[in-house]
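K.L.:
Dropping the structure in here first, questions after.
The values are calculated or read from the model by the stated rules, or taken from the named source; none is laboratory data. Because the structure is predicted, anything quoted here is derived from the model rather than measured. Note that each Cβ is placed from the backbone with ideal geometry, even for glycine, and that neighbours are counted across all protein chains shown.
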Amino acid sequence: MVIEGLPPVPPAIREADTEVTCYKCGERHRASSRARNTICPHCNAAIDLEDLIFHSPASRPVDTRGKLVIGPHGSLSSSWIVCGSAWIQGRIVGRIISTGEVRIGTNEVCSCHMTAPLIVVEKNRHPTFTHPLQTQRLEVFGCLTGIIRCRGTVHVRRGGRLEAEVHARSVTVEKGGALLGECRVDGRARIEPEAGIPSAWGAPFCPAV
């Protein structure tokens, strides 16, 4: 509607949408960029879009496209933990899948399967993982004990220490760093996703190079 003497009203600007992938069914849909959560229209799964912070022990599923933070006194236990990125300063138990970087800043023993494109072990930290870590790239500044399945490069930085069974495309250990354990390096090998991870989780996290 135009009123004489007044400038026309500009058309409403539509909010930008963001694409959301549901890792329970593998389907994608669009949600408002300002939404705090969304529901998958294909399987009705609830998906958070905000950061989640745990400062105390919790046992619950997590499915967010935001950042997951587990504080120094926090812990999280679940067989279903999906996030956009993560910073682990406490203890985690179960299975975690991250579409972005996971920073490990804990000294805890974690009974956890982890899949992420980049895993960073912070300086002066010594986490132990009792189940395999799957990644495209691993950066070790502190000390890590566990089983590593890496589709790209494992990089042990100066002052870092990796005590692990390592399967990787390539391994770099800087002067002052240390790698102890069985190490299998094959630049041509394709490291398959761990059994039990749904096919919908395969490609977005650790693309083969």
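K.L.:
In region 126-138, what residues are of a type outside the set (Phe, Trp, Tyr) and buried (at least 19 other Cβ atoms within 10 Å of the Cβ)?
P.N.:
Correct list: Pro127, Leu133, Gln134, Thr135, Gln136, Arg137, Leu138.
K.L.:
Here's another thing I want to ask about it. Would you please list the contacts, defined by Cβ atoms under 6 Å and residues six or more apart or on different chains, that run from a residue in region 113-125 that is without any contact (Cβ under 8 Å) to a residue 60 or more places away in the chain and surrounded by fewer than 24 Cβ atoms within 10 Å (Cβ to Cβ) to a residue that is of a type in the set (D, E, K, R) and in a strand (DSSP E or B)?
P.N.:
So the pair list comes out as Leu118/Arg137; Val120/Arg103; Val120/Glu139.
K.L.:
Take Pro193 and tell me if it is out of contact with any Cys (no Cβ under 8 Å at 6 or more places or on another chain) and modelled with pLDDT under 95.
P.N.:
Working: out of contact with any Cys (no Cβ under 8 Å at 6 or more places or on another chain): no; modelled with pLDDT under 95: yes.
Criteria not met by Pro193.
K.L.:
Which strands (runs of 3 or more DSSP E) sit wholly inside region 29-89 and have at least 1 residues that are free of Cβ contacts under 8 Å to residues at least 40 places away in the same chain, closer than 30 Å to Asn124 by Cβ and not hydrophobic (A, V, I, L, M, F, W, C)?
P.N.:
The qualifying strands (runs of 3 or more DSSP E) are 57-59, 67-70, 75-83, 85-88.
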